[in-house]
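Okay, so here's the structure we're looking at.
The values are calculated or read from the model by the stated rules, or taken from the named source; none is laboratory data. Just so it is clear, the model here is predicted, and its values are computed rather than measured. So basically every Cβ, Gly included, is an ideal-geometry build from the backbone, and we count neighbours across all protein chains shown.
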Amino acid sequence: MSGFLIAVVLFGMPRDAAAEFQQVAADLFFNYDFAGSNSAVLITDEGVLVVDTRMHPDDAELLLAEIRKRTDAPIRYVINSQFHGDHYMGNVVFQREGAIFIAHTDTQAVIKERFQQEVENRPFAARGQDPDKVVLVLPDILFDNRLVLQLGGRSVELLYLGAGQNKGDTLIYFPHARALHTGGVFHNRSWANTSYTPSFEGWIDVLLKMQDFDADTFLPPHGPIAKAEDLAAFTQFIRDLTAEVKAAVDAGMSLDEMLRTLVFDQYSDWRGYERRERNLTAIYEFMTKGEAEYFVPDSQAKPVTKP
């Protein structure tokens, strides 16, 4: 059985399963999509706050339908937690609903640079979705370090502790629920794309800082709802990948030799294990060339050119 199929069994969801709208607290929900990306939703009498709008307007309509099963309150805010297209390209649906869009300054910068490439690279044809429906919707409000929103008697805190997987990775803290949405920093039992970070040491530092939050529930962009032990496991995962690749580089291994050697069986049951070679290649290139071929954060975004 392949690592990916094992992961499907462990998570209890087939690859084409519909997203599940799961309750985290009385007013906080988590839209879990194993094969796609996740969202968080705060529902109050005053209005609704949405974190991430999924990959396509069709997906966003399904998310909105789940919200409307529970409330007719207006959509007040949408937070785009990162610049990956599968987390924000449903924005146009919530723009129609009158939402105010919020993102980190760095997130907007890369969205603007990379938008057309995201549209071209996403698997819309395989999903039966029309790419022409995707419209670039940019933030109305930008923040740099911290922003606190008040909605329906609840405080929601947006924080930037530095780049994790991406520049601009935004953490969204719901103190009343002791829950933290983790932006791109933490993926639960999932092989996060390693092509984007400007610093693996910085990524690990943010993960460690997250462990100090007064939170016992973590809402990742990929993978199921998590607890503190899952956050610790992912931190170790990033440490293991970077340490093993560094050892291979220091030993003078070629890229091909490293890919044959570093199998990481202990993570073969995690979501996305089939991306192992691509992810390890990105780390190898970062350590040997200073940047991954797949993406250059400070200049021109590049398409994936290797399998």
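Worth pointing out:
- Yes/no for E285 being of a type in the set (D, E) and either crowded, with 17+ Cβ neighbours inside 10 Å or at pLDDT below 95 (or both): yes
- Residue count for the range 22-38, restricted to those that are crowded, with 17+ Cβ neighbours inside 10 Å and either of a type in the set (D, E) or outside any loop (DSSP other than H, G, I, E, B) (or both): 7.
- When A247 is tested against (1) in a loop (DSSP other than H, G, I, E, B); (2) small (G, A, S); (3) at pLDDT 95 or above, only condition (1) is not met.
- Per-region count, the range 195-220, residues modelled with pLDDT of 95 or more and under 20 Å from S268 (Cα atoms): 1
- Subset of the range 36-64 [under 26 Å from A126 (Cβ atoms) and either of a type in the set (D, E, K, R) or free of Cβ contacts under 8 Å to residues at least 24 places away in the same chain (or both)]: D52, R54, D58, D59, E61
- Of all residue pairs spaced 6 or more apart or on separate chains, those with beta-carbon atoms under 8 Å, a first member in the range 105-123 that is surrounded by 14 or more Cβ atoms within 10 Å (Cβ to Cβ) and a second member that is of a type outside the set (S, T, N, Q) and assigned to a helix (DSSP H, G or I) are R114/G85; F115/G85; E118/G85; V119/G85; V119/P131; R122/G85; R122/D86; R122/P131.
- Positions within the range 236-268 being surrounded by 19 or more Cβ atoms within 10 Å (Cβ to Cβ) and in contact with a Leu (Cβ under 8 Å, 6 or more places away or on another chain), in sequence order: I238, L241, V245, A248, M258, L262
This table checks each residue for (1) touching a residue at least 40 places away in the same chain (Cβ under 8 Å); (2) hydrophobic (A, V, I, L, M, F, W, C).
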| site | (1), (2) |
| --- | --- |
| V135 | yes, yes |
| L149 | yes, yes |
| G152 | yes, no |
| S155 | no, no |
| Y160 | yes, no |
| G164 | yes, no |
| P175 | no, no |
| A179 | yes, yes |
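- Of all residues making up the range 78-129, the number that are polar (S, T, N, Q), at pLDDT below 95 and either more than 17 Å from the chain's Cα centre (by Cα) or in a loop (DSSP other than H, G, I, E, B) (or both): 2
- Yes/no for V185 being touching a residue at least 40 places away in the same chain (Cβ under 8 Å) and either crowded, with 19+ Cβ neighbours inside 10 Å or assigned to a strand (DSSP E or B) (or both): no
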